[in-house]
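Working notes for the structure below.
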Amino acid sequence: MREPKEVKNHRRLIRLAAAVVSAFALVLVCAVPALAADSWTDITDTQWAQTYGITAAQVATVAQGYDDGTFRPTQTVTRAQYAKMVLSALGSPRPHLRARPSQTSPLPATTTRG
């Protein structure tokens, strides 16, 4: 016995709807954790945008943070760190070079002339 045409169309529509819902659910399951995770543990991605006017993704193009998962945005930048950030920003193929001890001193604070 053959099914009526309306029943066939209804079944096709249900299969299509199930496929769309499944695909949408898969996208949500994969995307939400990536969107929710902050880049570093000591500053949220939202704080980057509010405090500095840039995104954490933009920062990550030139600075990777520390091995313990922190970024330490208020810590003084050393000469070697600054040089590495400049080289990374310029697209240098070798920003991973190690600094000599003399290059790890903090950059001098800016002063005003009076």
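Selection within region 58-67: residues that are without any contact (Cβ under 8 Å) to a residue 24 or more places away in the chain and assigned to a loop (DSSP other than H, G, I, E, B). The member of this set that is surrounded by the fewest Cβ atoms within 10 Å (Cβ to Cβ) is Asp67. Within region 82-95, at least one residue is in contact (Cβ under 8 Å) with a residue 24 or more places away in the chain and crowded, with 16+ Cβ neighbours inside 10 Å.
Within region 37-57, the set of residues being farther than 20 Å from Leu90 by Cβ and not in a loop (DSSP other than H, G, I, E, B) comprises Asp45, Thr46, Gln47, Trp48, Ala49, Gln50, Thr51, Tyr52, Ala56.
All of the numbers you see were taken from the coordinates with simple rules; none came from a lab. All figures in this text were calculated on a predicted structure; none of them were measured in a lab. Heads up, the Cβs are rebuilt from the backbone with ideal geometry, glycines too, and the neighbour counts pull from every protein chain shown.
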